[in-house]
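What follows is a single structure, written as structure tokens, with notes after it.
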Amino acid sequence: MKIVVDTNIVFSAILNSNSWIGNIILNSGKTITFYSPKYLQVEIQNHLSKIEKITNLRNSEVRELIEILYTKIHFIAEEFIPKETLAKADLLTKDVDFDDVMFIALSLHLNCKLWTGDKVLISSLTKKGFINFISTQELKENFF
């Protein structure tokens with residue numbers, strides 16, 4: 001199964017790698033293939049000092065954990081997403097959050113579900129007919 005994973009999910013896995021989210025990403029093996037736009041790496045980097053404060057881990061420990069998580073995700077450069085798909089994702093996310101455009105675009109491009117914990121995003125996109133989401137609970141029930 002292919003799944004696009006967004007920043008809040010990876011952020012959660014970094015904050016608690018022993019959580020269900022961390023376990024799903026780290027231990028899904030060949031059952032699930034995770035994808036994300038390269039933009040996720042930019043967002044994580046932008047919040048690195050916040051992550052260090054919350055986890056009370058040293059910079060080197062946080063970076064090591066992030067690198068381990070990144071080995072479980074296939075990163076797709078945004079330029080490989082067709083312009084038409086980006087335009088559609090832009091329309092869907094216009095009134096929600098610009099930071100979500102690439103994740104929605106990649107989900108559309110790969111024709112796979114988006115794993116997010118962003119309830120505002122889910123609600124807004126569902127109203128617009130985008131329902132291609134998967135929850136942590138669904139992953140937990142179906143794969144673990």
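The values are calculated or read from the model by the stated rules, or taken from the named source; none is laboratory data. Not measured: the values here are computed from a predicted model. As a convention, Cβ positions derive from the backbone with ideal geometry for all residues, glycine included, and neighbour counts pool all protein chains shown.
Among the residues of the range 129-139, is any in contact with a helix residue (DSSP H, G or I) (Cβ under 6 Å, 6 or more places away or on another chain), without any contact (Cβ under 8 Å) to a residue 60 or more places away in the chain and in a helix (DSSP H, G or I)?
Looking through the range 129-139, none of the residues is in contact with a helix residue (DSSP H, G or I) (Cβ under 6 Å, 6 or more places away or on another chain), without any contact (Cβ under 8 Å) to a residue 60 or more places away in the chain and in a helix (DSSP H, G or I).
Which pairs turn up if I take residues in the range 82-100 that are farther than 14 Å from Asp118 by Cα and look for partners that are basic (Lys, Arg) and surrounded by fewer than 16 Cβ atoms within 10 Å (Cβ to Cβ) with beta carbon separation below 6 Å, at least 6 apart in sequence or on another chain?
Pairs that qualify, where the first residue is farther than 14 Å from Asp118 by Cα and the partner is basic (Lys, Arg) and surrounded by fewer than 16 Cβ atoms within 10 Å (Cβ to Cβ), are Leu92/Lys128.
Consider Ile73 carefully, then state whether it is within 19 Å of Leu125 (Cβ to Cβ) and at pLDDT 95 or above.
Numbers: within 19 Å of Leu125 (Cβ to Cβ): no; at pLDDT 95 or above: yes.
For Ile73, the condition - within 19 Å of Leu125 (Cβ to Cβ) and at pLDDT 95 or above - is not met.
Being touching a strand residue (DSSP E or B) at 6+ places or on another chain (Cβ under 7 Å) and more than 16 Å from Leu86 (Cα to Cα) is the filter here, so list the residues in the range 103-131 that pass it.
Across the range 103-131, the qualifying residues are Lys113, Trp115, Thr116, Ile122.
Exactly one condition in (1) surrounded by fewer than 16 Cβ atoms within 10 Å (Cβ to Cβ); (2) closer than 17 Å to Ile9 by Cα is not met by Ser49; state its number.
Condition not satisfied by Ser49: (2).
I'm checking my understanding of the structure. Among residues of the range 97-128 that are in a loop (DSSP other than H, G, I, E, B) and at pLDDT below 95, which one is farthest from the chain's Cα centre (by Cα)? Can you show your working first?
In the first step, residues of the range 97-128 are kept if they are in a loop (DSSP other than H, G, I, E, B); the result is 97, 111-112, 116-118, 128.
Still in the list and also at pLDDT below 95: 97, 117-118, 128.
Details: Asp97: 14, Gly117: 9, Asp118: 10, Lys128: 20 Å.
That would be Lys128.
Test of understanding: among Lys72, Lys30, which residue is surrounded by 13 or more Cβ atoms within 10 Å (Cβ to Cβ) and of a type in the set (Lys, Arg)? Walk me through it before giving the result.
Numbers: Lys30 fails: surrounded by 13 or more Cβ atoms within 10 Å (Cβ to Cβ).
One residue alone meets the criteria, Lys72.
Could you pull out the residue among Leu57, Leu15, Leu40 that is out of contact with any strand residue (DSSP E or B) (no Cβ under 6 Å at 6 or more places or on another chain), over 18 Å from Leu110 (Cα atoms) and in contact (Cβ under 8 Å) with a residue 12 or more places away in the chain? Talk me through it step by step, then tell me what you get.
Values: Leu57 fails: in contact (Cβ under 8 Å) with a residue 12 or more places away in the chain; Leu40 fails: over 18 Å from Leu110 (Cα atoms).
Unique residue meeting the criteria: Leu15.
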